[in-house]
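Contents: one structure, followed by commentary.
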Amino acid sequence: MKSRLIRALQRGGIVAEIGPDRWGVWRSKDRRGRMIGVLTGTEIDVLRVREALKSLGDGQPPILAWSGSVLETPRATPSSARLDVERQGTDSPMIELILSRTQDAALRELIRETARWYRSDTECAARAGTARGMNWDGLALGGKVDGGRGFSDEGFGRGARSAQSVYKALHSHLGNETMSLLDRLILSGDSRTQLTKRLGGRPALMERRCLAAIRALHEVYRDKVHRTN
């Protein structure tokens, strides 16, 4: 992964799918110009799980542009070193490490989309003040999750009511332990070391444990919440 490709995207370039697990990079949104490089599907999925890329329309092949969201603190700007699969280590966010080691494009999409749904639902609940007792600011900064999950009875809009329904379903089917793991894995981007320190268990089994939690979350969304977008 070359830094110049990231810089090109940050300065208004695009990526477009050019083949199975291959994405071409252009310096501008006009693809009649010269393609300047290629990113793998794994690298693209790491950027997308960070919400660094956004879709430009619904056309085919998919076209993505820089979203700019990761430039805001506390998120860090992606770098070539952080995206290098061989250099992913114990300090990397665990969800990115899982993506970087997953060759199955369909599984990477499941991880990425499930994480996006979970972030969207928790952000909606947080904005509406419906997640009582959750330390959202501390969580965003990598702090400990305080309190349990609950919902206030006031100030519901349609989005908040939907978030309440989703949270009840998720909590009912997944339980406190898995929900805590998902908060740390998806919302605060904890590393393997951080997850093991906070949640316990064997470090060598943490990757498998996290992937199982994401799969379980996806199943609840699919079978109970019926989330499709």
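For this structure, a couple of remarks:
- For segment 84-95, residues that are assigned to a helix (DSSP H, G or I) and either touching a Lys or Arg at 6+ places or on another chain (Cβ under 7 Å) or at pLDDT below 95 (or both) total 4.
- The number of residues in segment 1-30 that are open to solvent by 10 Å² or more (accessible area, probe 1.4 Å), within 23 Å of Ile111 (Cβ to Cβ) and in a strand (DSSP E or B) comes to 5.
- Residue under evaluation Ser165, criteria (1) closer than 20 Å to Ala126 by Cβ; (2) touching a Leu at 6+ places or on another chain (Cβ under 6 Å), criterion not met: (2)
- Index of the failed condition, Asn135 passing every other in (1) at pLDDT 70 or above; (2) of a type in the set (S, T, N, Q); (3) open to solvent by 50 Å² or more (accessible area, probe 1.4 Å): (1)
- The residues in segment 167-202 that are part of a helix (DSSP H, G or I), touching a residue at least 40 places away in the same chain (Cβ under 8 Å) and not polar (S, T, N, Q) can be counted, and the count is 13.
- If you filter segment 31-42 down to residues that are out of contact with any Asp or Glu (no Cβ under 9 Å at 6 or more places or on another chain) and not in a loop (DSSP other than H, G, I, E, B), you find that the one that is most open to solvent (accessible area, probe 1.4 Å) is Val38.
The values are calculated or read from the model by the stated rules, or taken from the named source; none is laboratory data. Computed from a prediction, not measured in an experiment: that's the story for all the values here. So basically every Cβ, Gly included, is an ideal-geometry build from the backbone, and we count neighbours across all protein chains shown. Just so you know, the surface numbers come from the protein's heavy atoms only, side chains and all, with ligands and any DNA or RNA stripped out. Shrake-Rupley method; radii C 1.70, N 1.55, O 1.52, S 1.80 Å.
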